[in-house]
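Take a look at the structure below.
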Amino acid sequence: MRNLSFKSFFFTAILGSLFIFTSCEDTPVQNDNEIDVNDDYYEFQDFILTDFEIPAVISLPDETANIGASTKPEIVHSNDDIKWQINVGQNFQLLIEDYADLTDLIEVEKKSLADFYKINYIIDEDDLILYERILDVKGDDNASPTVGVEHRSFHVYGQKIINGITYELCSRPEGYEKVIIELMAKSIKSFKPHQKK
């Protein structure tokens, strides 16, 4: 009798422990408006752009960034053109354009966004904006239920001046997931003149 009660107690204790450990697993809490664009470039590699007519260096995500990035970035650019496209795997496409001596790109971009979209600025700095874009649906009162579905996407837009030339750096027009935009913002922040050694 005593042996049976010990077994019952032991079995109940194990079952209770399993219940406690499985029900208390860590669940990540996600703050939808919090994006961390710090100076930690652990999962990045420097890429020199001088061979592509930009006297700069940029830090791009490497294969450890867990975004499907390839080990070697691909640059799409025609000689003497003012546009570049940097592809790092399938999920990272950064667009660069030479705007010569124009320096109010951020202000112009903000004005153009206000016409069609609701914008939630997550980062709003002089040379970088990171925002959530929500399509401003109008005239949906009498529309079918499938019309006017809210569309959200994340975008980044920056301007950097290198040797007196302003470069626009931005995500593709349709945007990306927040994790990709966070990496892209870090890349834009890292864009700086290349110092020859």
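The values are calculated or read from the model by the stated rules, or taken from the named source; none is laboratory data. Here the structure is a predicted model, which means the values were calculated and not measured. Methodologically, a virtual Cβ is constructed for each residue, glycine included, from the backbone with ideal geometry; neighbour enumeration extends over all protein chains shown.
Could you tell me which residue of the range 156-197 is farthest from ILE86 (Cα to Cα), considering only residues that are among the charged types (D, E, K, R) and in a helix (DSSP H, G or I)?
Selected residue: LYS178.
Taking the range 126-157, which residues are at pLDDT 80 or above and of a type in the set (Gly, Ala, Ser)?
SER153
For residues in the range 89-118 being surrounded by fewer than 16 Cβ atoms within 10 Å (Cβ to Cβ) and of a type in the set (A, V, I, L, M), which is nearest to ARG152 (Cα to Cα)?
Among those residues, the one meeting the criterion is ALA114.
Are any residues in the range 148-161 crowded, with 17+ Cβ neighbours inside 10 Å and under 27 Å from THR50 (Cβ atoms), and if so, which ones?
Those that are crowded, with 17+ Cβ neighbours inside 10 Å and under 27 Å from THR50 (Cβ atoms): VAL156, TYR157, GLY158, GLN159, LYS160.
Please state which of the following conditions GLU74 fails to meet, knowing it meets all the rest: (1) within 25 Å of GLN195 (Cα to Cα); (2) buried (at least 16 other Cβ atoms within 10 Å of the Cβ).
With (1) within 25 Å of GLN195 (Cα to Cα); (2) buried (at least 16 other Cβ atoms within 10 Å of the Cβ) applied to GLU74, the lone miss is (2).
For ILE35, work out the one condition from (1) part of a helix (DSSP H, G or I); (2) under 28 Å from THR166 (Cα atoms); (3) modelled with pLDDT under 80 it doesn't fulfil.
(1)
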